[in-house]
Amino acid sequence: MHRPHVFSVAVLLTLIAACGGERKPATESTAAPSAAPAATGTGAAVTPGPGGKIIVVTLTSDEKGNYFTPSEVAAKQGDVIRYTLKVGVHNVHFLPDSNPGKSGYPAAPSDMLQLPGQTYDVLVNFPAGTYYFQCDPHSALGMKGHLVVQ
Ligand SMILES: [Cu+2]
């Protein structure tokens, strides 16, 4: 008469122990992979819009100075300007003070490009017009250019 009762308690304890043992994998499964941070500027490749193309502009330093090549860039809606570091340390900045009355362009400076081949992509999705850009460390030395959106 006592035996069935004792047996059932033993089974119950076994079940509790089993439950406790299952917590470990449950904890691990709650650690969901974190989403990649939103792409911001430097390094993030941008895909041209329909019919658009990629226009490469290099940033370089040599014995003649520091400059963008080309420094005068013509583009259409949907194109991507791929600023690409060749030599030196440079950035790209569409300086708001030099683009009065304009909006929609990337007004924040890019990060510094430091590794050859590093890129900063700008999708041309802002109004037609001429936009001034520069490299902040070298603007006084003439490292500047214009993006003409047709
Ligand atoms: Cu520069």
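Nothing in this text is a laboratory measurement; each read-out follows from the coordinates by a stated rule. Fair warning: this is a prediction, and the values are worked out from it, not measured in the lab. Reconstructed Cβ throughout: ideal geometry from the backbone, glycine too, with neighbour counts over all protein chains shown.
Close amide H pairs (under 5 Å, H built 1.01 Å from N) link Ile54 with Val80, residues at least 5 positions away or on another chain.
When Rg and Dmax are taken over the Cα atoms of the stretch 70-129, they come to 12.2, 34 Å. Taking label positions 7 Å along the Cα-Cβ direction at both Ala44 and Thr69, the computed distance is 2.9 nm, reported to one decimal.
Along the stretch 139-150 the Karplus relation, 6.51 cos²θ - 1.76 cosθ + 1.60 evaluated at θ = phi - 60°, assigns HN-Hα couplings of 4, 5, 9, x, 7, 8, x, 10, 10, 9, 8, 8 Hz to successive residues, with x for each Gly and Pro. Under 1.5 on a/c is rounded, so check that first for the stretch 34-134, then, if it is not, pick prolate when a/b is larger than b/c and oblate when it is not; a ≥ b ≥ c are the square roots of the alpha carbon gyration tensor eigenvalues. It is rounded, given that a/c, with a ≥ b ≥ c, falls under 1.5. In this simple spin-label model, placing a label point 7 Å from the Cα along the Cα-to-Cβ direction at both Ala108 and Asn125 gives a separation of 1.5 nm.
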